[in-house]
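The values are calculated or read from the model by the stated rules, or taken from the named source; none is laboratory data. What you see is a predicted model, and the numbers here were worked out from it, not measured in a lab. As a convention, Cβ positions derive from the backbone with ideal geometry for all residues, glycine included, and neighbour counts pool all protein chains shown.
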Amino acid sequence: MTDCIFCRIARGEIPTNKVAESADAFAFRDVNPQAPVHVLVIPKTHVASFAQAEPALVGAVMHLAAEVARLEGVEETGYRTVLNTGAHAGQTVHHLHAHVLGGRDFHWPPG
């Protein structure tokens, strides 16, 4: 999909604040952070959501998410990784992405 905003970010067409990158995934700071650490991790190829993703691609995204937590200094104190799937779950960009949130206390249940 050529007009997807996250595809355009992954291709370098839209500038962003890059945090980390792997062969298959790209991580950048959320423009509307909900925590002191709020990084999005996306696959470089377009997949609409977690429901359509192949296991290896999900693994690549989650592996980079763990690396982001280490780089951002929240690996030891704790962080939350969120995958919203579908409109009712709050997915607003239909390109698989994981939110890595940390740097503050989180409560359960969320939302």
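Worth a mention:
- Residue check for HIS46: surrounded by 15 or more Cβ atoms within 10 Å (Cβ to Cβ) and more than 11 Å from the chain's Cα centre (by Cα): yes
- Within the stretch 50-64, not a single residue is at pLDDT 95 or above, under 13 Å from the mean Cα position of the chain (by Cα) and assigned to a loop (DSSP other than H, G, I, E, B).
- Reported count of residues in the stretch 1-43, each being over 10 Å from the mean Cα position of the chain (by Cα) and either farther than 12 Å from HIS97 by Cβ or small (Gly, Ala, Ser) (or both), is 26.
- One residue stands out among those in the stretch 80-91 that are more than 18 Å from ASP24 (Cβ to Cβ) and within 13 Å of the chain's Cα centre (by Cα): the one that is surrounded by the fewest Cβ atoms within 10 Å (Cβ to Cβ), which is VAL82.
- Only one of the numbered conditions (1) in a loop (DSSP other than H, G, I, E, B); (2) in contact with a Phe, Trp or Tyr (Cβ under 9 Å, 6 or more places away or on another chain); (3) buried (at least 19 other Cβ atoms within 10 Å of the Cβ) is violated by ALA69, and that is (1).
- Residues in the stretch 23-49 that are of a type in the set (Gly, Ala, Ser) and either out of contact with any His (no Cβ under 7 Å at 6 or more places or on another chain) or assigned to a strand (DSSP E or B) (or both): ALA23, ALA25, ALA27, ALA35.
- Scanning the stretch 49-64 for residues that are within 11 Å of HIS97 (Cβ to Cβ) and either surrounded by fewer than 16 Cβ atoms within 10 Å (Cβ to Cβ) or of a type in the set (Val, Ile, Thr) (or both) turns up just one, VAL61.
- Identity of the residue in the stretch 12-30, more than 16 Å from ALA65 (Cα to Cα) and free of Cβ contacts under 8 Å to residues at least 12 places away in the same chain, that ends up surrounded by the most Cβ atoms within 10 Å (Cβ to Cβ): ILE14
- Sub-8 Å Cβ pairs linking a first residue in the stretch 55-70 that is within 11 Å of VAL39 (Cα to Cα) to a second residue that is part of a helix (DSSP H, G or I) and of a type in the set (Gly, Ala, Ser), at least 6 apart or interchain, number zero.
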